[in-house]
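The values are calculated or read from the model by the stated rules, or taken from the named source; none is laboratory data. The shown structure was predicted, so the numbers you read here are calculated from the model rather than taken from an experiment. Quick reminder, even Gly has a Cβ in these numbers, built from the backbone with ideal geometry, and neighbours come from all protein chains shown.
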Amino acid sequence: MSQDKSSLTRKRVLVTGGAGFLGSHLCERLLNDGSEVICMDNYFTGNKQNVQHLMDNPAFELMRHDVTFPLYLEVDEIYNLACPASPIHYQHDPVQTTKTSVHGAINMLGLAKRTGAKIFQASTSEVYGDPKVHPQKEDYWGHVNPIGFRSCYDEGKRCAETLFFDYRRQHDLRIKVGRIFNTYGPRMHPNDGRVVSNFIVQALSNEPITIYGEGQQTRSFCYCLDLIEAFVRIMGTDDSFTGPVNIGNPDEFTIRQLAEQVIKLTNSKSKLEFLDLPSDDPTQRKPDISLAKSTFGWEPQVKLEEGLVKTIKYFDDLLKAGNSPAEVIAING
Ligand code: NAD
Ligand code: UDP
C-alpha cells in the first residue's frame, strides 16, 4: 500500500497521559506543528472526550495502555505525563501513584533507550515540598515529608527525576525534566478537587467556596497553553540541556485572593466557607523562572484574570449544556 509521503518524514511523538488535561492540549499542539502523535492513556483521570476532536486526524492515534507496563513502539520523542495530578486522585490509590511515577519512568526511559528517542518528564513543584526557600529555584533540594499523604506523589516524582538523571549518566539518554507549577484551564477534570476547578464550579452554581485553612497559603497559577509552549520549547533545546527547569507563572496569589477573583468574574452569590487545611499543604509556592527565560526564551503571556475568564467559560458551557453541577462533576468520573 502506498504511504503518504509526509508520514515518512514527520516526527513520531508519544504522549503518555495524553487524554488528560495537559496531555490533550499537548497532543493538539504537536499535531498542529506537523507531528504524528500517539496518545497513550489508561483513562484513570483522563478521558476520550478530551481528544475526541483529534480522532479524525490521520496523524493521531489513541491507545489504551497503563504506563506501569512495558510498551514497544518506534518513536522519536516521548512526553511522559502519565500520572494523576490532583491530590484527591493521587491519594485515591497511593501505591498505584508511586508505581505510575517510578515504574512508568523506568518503562518510558527503557523505550527511549531502545529507540534513541528524546524524552521529557512532567515533573512538579511538589519536589520542593513545603519550601523553605522562596521563590523556588532549581538548585533548591526541597523540604518533603517522605511518609505523609502527599508523599506518594512527591517522592514518586522525585524518584522519577533520579531515574532520568541516572539514565542520562549511565546510558547518555537525551532527557528533559520540567518542574511544573500549578496550571489550570479548559479540560481540567471538574471533580479533581484542584483549587481552580473547585472554585469555578462552586461559584457558577452559587455554592459556598471551600477555602482550606484561612486561605493565606499562596500558589502561582499558569494558563495551560503557556505551559504547553514551554514543553515544546524544552524539547527543542540542545541535547546538552537536561533541566530540571521550572515552568510556571511567577505571579503569586493567596488562595483567598483567588476565591475573591473567581466570585467577581462569575458575578456569583457564593459565600466563603473555611474548612480544615489538609496535612502537608505547602504554605507558599512561586517559581523562579530565570533559567527558562535565559535558556529557551520562555515566560507566560496569559494573566490570571484572562485565563480564568476562558476557564470559567469552559465550565459554564458544561453547565449550560444542561448538566447539573453534580453531572458536570460526574462527566469524567
Ligand atoms: P491529569 O490527571 O488530567 O492527567 C494525567 C493523565 O495520566 C490522565 O489522562 C490519566 O488517565 C493518565 N494516567 C494516570 N495514570 C496512568 C497510568 N498508570 N498509565 C497511563 N496513563 C495514566 O493531570 P494533568 O494536570 O494533565 O497532569 C499531567 C502531568 O503533569 C502529570 O504528570 C502531573 O503530575 C504533571 N503536573 C501537572 C500540574 C498541574 O498543575 N496541572 C502540576 C505539576 C505537575
Ligand atoms: N484549596 C482550597 N480549596 C479547595 C481546593 C484547594 O483552599 O477547594 C487549596 C489547597 O489547600 C492548596 C491550594 O488550594 O493550598 C492549591 O490546591 P490544589 O489541590 O489545587 O494544588 P496543590 O495543593 O497541589 O498545589
Q: Would you mention how many residues in the stretch 219-242 are within 15 Å of ligand 1 (Cβ to nearest atom) and among the polar types (S, T, N, Q)?
A: 1
Q: Read through the list (1) part of a helix (DSSP H, G or I); (2) within 11 Å of ligand 1 (Cβ to nearest atom), then give the number of the only condition that Gly178 fails.
A: (1)
Q) Any chance the stretch 160-176 includes a residue that's crowded, with 20+ Cβ neighbours inside 10 Å, among the small types (Gly, Ala, Ser) and at pLDDT 95 or above? A) yes
Q. Under 6 Å by Cβ, and 6 or more places apart or on different chains, what pairs join a residue from the stretch 185-201 that is under 14 Å from Cys222 (Cα atoms) with one that is part of a loop (DSSP other than H, G, I, E, B) and more than 7 Å from ligand 2 (Cβ to nearest atom)?
A. Ser197/Met188; Ser197/Pro190
(Q) For the stretch 115-122, check the following and say yes or no: at least one residue is within 28 Å of Ser279 (Cβ to Cβ) and within 16 Å of ligand 2 (Cβ to nearest atom). (A) yes
Q: Taking the residues in the stretch 99-110 that are surrounded by 22 or more Cβ atoms within 10 Å (Cβ to Cβ) and either touching a residue at least 60 places away in the same chain (Cβ under 8 Å) or over 19 Å from the mean Cα position of the chain (by Cα) (or both) as candidates, determine which candidate is nearest to Asn182 (Cα to Cα).
A: Gly104
Q) Can you spot a residue in the stretch 38-45 that is touching a residue at least 60 places away in the same chain (Cβ under 8 Å) and within 16 Å of ligand 2 (Cβ to nearest atom)? A) yes
Q) How many residues does the stretch 8-65 hold that are surrounded by 16 or more Cβ atoms within 10 Å (Cβ to Cβ), within 10 Å of ligand 1 (Cβ to nearest atom) and hydroxyl-bearing (Ser, Thr, Tyr)? A) 3
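Quick grid of which residues meet (1) under 22 Å from the mean Cα position of the chain (by Cα); (2) outside any loop (DSSP other than H, G, I, E, B); (3) at pLDDT below 95:
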{"site": "Gln284", "(1), (2), (3)": "yes, no, yes"}
{"site": "Leu291", "(1), (2), (3)": "yes, yes, no"}
{"site": "Glu299", "(1), (2), (3)": "yes, no, no"}
{"site": "Glu305", "(1), (2), (3)": "yes, yes, no"}
{"site": "Lys313", "(1), (2), (3)": "yes, yes, no"}
{"site": "Asp317", "(1), (2), (3)": "no, yes, yes"}
{"site": "Ala326", "(1), (2), (3)": "no, yes, yes"}
{"site": "Ile329", "(1), (2), (3)": "yes, yes, yes"}
{"site": "Asn332", "(1), (2), (3)": "yes, no, yes"}
Q: Within the stretch 188-204, count every residue that is at pLDDT 95 or above and more than 7 Å from ligand 2 (Cβ to nearest atom).
A: 6
